[in-house]
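One structure below.
The values are calculated or read from the model by the stated rules, or taken from the named source; none is laboratory data. What you are looking at is a predicted structure, and each value in this text was computed from that prediction instead of being measured. Counting neighbours? That spans all protein chains shown, and the Cβs are built from the backbone with ideal geometry, glycine included. Note: accessible area is taken over every heavy atom of the protein model, side chains too, but ligands, DNA and RNA are not part of it. Shrake-Rupley method; radii C 1.70, N 1.55, O 1.52, S 1.80 Å.
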Amino acid sequence: MRATIFTKLLAILLLTISIMVSMFLFVAHSLNDDFIDRVYNEVEFVLNENATDFLLTHADKNMDYLQGEIVNSMYFSNADEILSSINKFTNDSSTDAIYVFDKNQQLLAKMSKYEVKNNTQLFEEAEYLLGIHDEAYIQIDQKLAIARSFYIYDEPVGYVLIVSNKDFYSNEIDVSLDVIQSLSLIQRDKHLYQYTIVVTLSTLMFLILAGTLLTRLLKPVRRLKQDINNFGERSITSKPFEDYPNDEFGELARSFKMMRDKVTKREQEIVRLAQFDPLTNLYNRNYLINRFETIITDQNTQVICLYMDLDNFKEINDTFGHDEGDLLIQEVAGHLAMLRTKEHEDPFLQKCFQECMTLSRLGGDEFVLLFQIQDISISVYSLGYQIANEVKALFRNRLVSYHVSSSMGLSLYPLDGATVDELMKKADIAMYSAKSKGKGRFEFFNEEMSTALARDRMIEQNLIRALEEEGTPQFHMVYQPQYYLRSDKLVGVESLVRWLHPEQGFISPAEFIPIAERKGMIEKLGKVTVQLILEDMKQWRNYGWDIPVSWNLSTVELLKTDIVDYLISELKRANIDRDLLNIEITETALVTDLNRAKKQINDLRQHGFRVWLDDFGTGYSSLSILGEVEIDGLKIDRSFVSAIGNGETSKTLVVDALVQLTNTFDIYIVAEGIETKEQLEYLKATRCHYGQGYFYSKPICADQMLDYFKQSAELKSAVNAC
Ligand code: C2E
Ligand code: CA
Ligand code: CA
């Protein structure tokens, strides 16, 4: 058993009491013994005195008697008469011997029951004392003697010595004393017994008193302990830590109460933090998992899991700082929450947003929306489609301060998975797939996506390694010649990066560039390409060829980096003129952040670089953008060129319109992907300025380019003509 303070205190108390009792008994006992000894001695003394007194008085009386009897006989020295007189005392138990001396101290007669020891000493003492007084008392050992001088008319006739023995009385005294002692002992034992009873009773009383007192004292401690235990087990039923007395325990209880309140508050905060995302106040992943577990306990339930991620959030975050990024996230969260209160045309959809949606943020710019559909007959596919369109509309309507779009992936329960993790993973894969196909899209999960995702992951990991390798040997540039269509003259080349992986072989830039952009590797890759291009340009120059090179600049790089300074310094180092570098940017830059894109483009152009708008016609940008941004030219996307001769009249008409427009804006136009003579002829007829494509040449490496230059010996004059 565990020793409580109570039992410890009790043990100490008992020990103290037993020590006290033993001490008390010991003292009482020894005091009693002492007392008995004293009484014994006193009684012994008194008895002795009395015996002496008695013997002496008795002897005195005998002496008086003898004086009358034998004084005359002594005068006449009649020993016989004396003897008969003294022999009468033979039966007197108190008298041991009687000696009668004449005036010359000569023994006249004696009566002696036994031979008295030390007679001589006795006689000498008597004679000495009688020389001073007429009567003397002598005591030697147990012997008592009385001596008296006898006279007849003042004439001394001798003296008589009566010897008594105290021995007889001593025995009597001893017997009496023994009786007294045994009586005292009985009395003492009786007292001891009484003491013991009194002590035991008082100890018991004391114990009961102490016990009651302790229990009363310890009661609040126990109560406090119970309250603390209850609090520890969170089983707070009564009002704990209250109605305590106004003493130290009360203070202690109140301190505990304060502590409990603080702990409870903190716990509530922890519970809140455990369920909510502090930035947006939406639910977090933990809550989502629990919620899903609850949802699927209902067998008739279907779940739509919508995974959403903002496009270009990383760029916004990196360019404008994390505070701006956070504000954007909060804004998006607010708009998602508003889906609940927004009026939707379809009442079922309205109900879905209002009652079936669990809104959560996983972190970063990733949100998950769970929809619980408690009806197995409903087509969650078409409902998911409607929902995703509603979410997409939030961004299209430019509700948020930055023009961001969102990519979404959807997965369905029970079709795609049985756990929320599986569901989220698949929705994430679908989202990833949607994102890789362009911004602002959504897709439902299908199994092929997993394979695509696995390949993306493989590319990502290999790209990291390839970029870290000394001298980046896995990368090289190829160049596609660009022509002035009217004279078929070579006017420049477009540089295109190539990645030859030692095991995977050739990996297309169309595959790895978007990954590099998404995973923050594009800047590094951009710098690698610049270095490779400059090396090749220097090599060509050595052979006398200075040719304009178009360099593809990713949107991410344009918006983020100090790309202008970098290009200026690198070109200077390589001693290459800035007007030899054309920069191709895509529309996405203009759409993501027009102001910053405009500033960067202006900066580049002011420093002598030419800027071209790539893939024109594929993105969101409208022609009106051309009025806002000053550029040197635009490249019609290959899809429009391939429409020529395909019977796709609408696209062909776009080419016509674009050529007309560029003439109005006084900018150049390059047609990409010219593959057939027919296409070339058409473009020439519409007065398109420049062109490139397999019809002229596929992209070729730097060395092959040299041969190509030689074949186009008239290049220099052609360039001058532009
Ligand atoms: P892009 O800038 O539109 O480049 C043109 C793409 O069309 C190149 O593909 C080129 O090989 C291909 N092409 C050219 N003529 C024809 C043709 O007649 N028919 C067909 N079918 N295709 C033609 P590539 O090299 O696979 O590059 C794909 C995309 O990857 C490029 O599209 C560009 O966006 C990106 N890219 C390539 N190299 C770089 C680079 O060094 N830096 C950056 N940031 N992006 C690059
Ligand atoms: Ca390009
Ligand atoms: Ca292009």
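Modelled spin-label separation between Met338 and Glu42, with each label point placed 7 Å from Cα along the Cα-to-Cβ direction: 11.5 nm. Placing +1 on the Cβ of every Lys and Arg and -1 on the Cβ of every Asp and Glu, with nothing else charged, gives the chain a dipole about its Cα centre of roughly 4280 debye.
For region 282-338, the alpha-carbon coordinates run over 48, 21, 17 Å along the three principal axes, in decreasing order. Highest mean first, the peptides 690-699, 284-293 sorted by other C-beta atoms within 10 Å per residue fall in the order 690-699, 284-293.
A convex hull fitted around the alpha carbon atoms of region 585-711 yields 125 Å³ per residue. Placing a pseudo-label 7 Å from each Cα along the Cα-to-Cβ vector at Asp375 and His191 gives an inter-label distance of 10.6 nm.
With the convex hull built on the Cα atoms of region 452-562, state its orientation-averaged projected area in nm². Provide the component values of the computation, followed by the final result.
Working: hull surface 35.4 nm².
Averaged projected hull area, Cα only: 8.8 nm².
Of the solvent-accessible surface of the chain, computed with a 1.4 Å probe and all protein chains present, 54% belongs to carbon and sulfur.
Cα axis of helix 285-295 to longest principal axis of the chain: angle in degrees, 0 to 90, nearest 10? Approximately 90 degrees, to the nearest 10.
Across region 591-650, the convex hull enclosing all Cα atoms gives 85 Å³ per residue. A helix-only calculation puts the chain at -18500 deg cm²/dmol for mean residue ellipticity at 222 nm, using -39500 (n - 2.57) for each DSSP H run of at least four residues, averaged over all residues. Annotation: the antiparallel percentage among DSSP beta bridges lying fully within the chain is about 75. Whole-percent P(r), the chain, all Cα pairs, 20 Å bins from 0: 12, 24, 15, 9, 8, 7, 7, 10, 7, 3, 0. What is the calculated FRET efficiency for Ile568 to Asn595, with r their C-beta to C-beta distance and R₀ = 25 Å, to the nearest 0.05? Efficiency, rounded to the nearest 0.05: 0.65.
Here the 3J(HN,Hα) profile of region 653-669, calculated from phi with Karplus coefficients 6.51, -1.76 and 1.60 at θ = phi - 60°, is 5, 4, 4, 4, 4, 4, 4, 4, 4, 4, 5, 5, 7, 6, 10, 8, 9 Hz, Gly and Pro shown as x.
Considering region 11-104 at the alpha-carbon level, its Rg and Dmax are found to be 28.5, 94 Å. Evaluating kT/(6 pi eta Rh) at 25 °C and 0.890 mPa s, with the Kirkwood radius of region 166-208 over Cα pairs in the Stokes-Einstein relation, gives 195 µm² s⁻¹.
Apply 1/(1 + (r/R0)^6) to the Cβ-Cβ distance of Asp174 and Thr7, taking R0 = 41 Å, and write down the FRET efficiency to the nearest 0.05. Computed FRET efficiency for Asp174 and Thr7 comes out at 0.15. Geometric descriptor of region 535-649, per residue, is 117 Å³ (volume of the convex hull of the Cα atoms). Computed over region 285-445, the alpha-carbon pair-distance distribution with 10 angstrom bins reads 11, 42, 36, 10, 1, each value a whole percent.
Multiplying each eigenvalue of the alpha-carbon gyration tensor of region 46-176 by 5 and taking the square root yields semi-axes of 25, 15, 13 Å, largest first, rounded to whole angstroms. For region 521-581 and region 477-492, write down the distance between their C-alpha centroids in whole Å. Value for the Cα centre distance between the two parts: 19 Å. With bins 10 Å wide beginning at 0, the percent of Cα pairs of region 480-720 falling in each bin runs 7, 31, 38, 22, 2, 0.
Value of Rg to Rh for region 89-132, rounded to two decimals, is 0.99; Kirkwood radius and Rg both from alpha-carbon coordinates. Among 548-557, 434-443, 50-59, the peptide with the highest mean count of other Cβ atoms within 10 Å heads the list, and the full ranking is 548-557, 434-443, 50-59.
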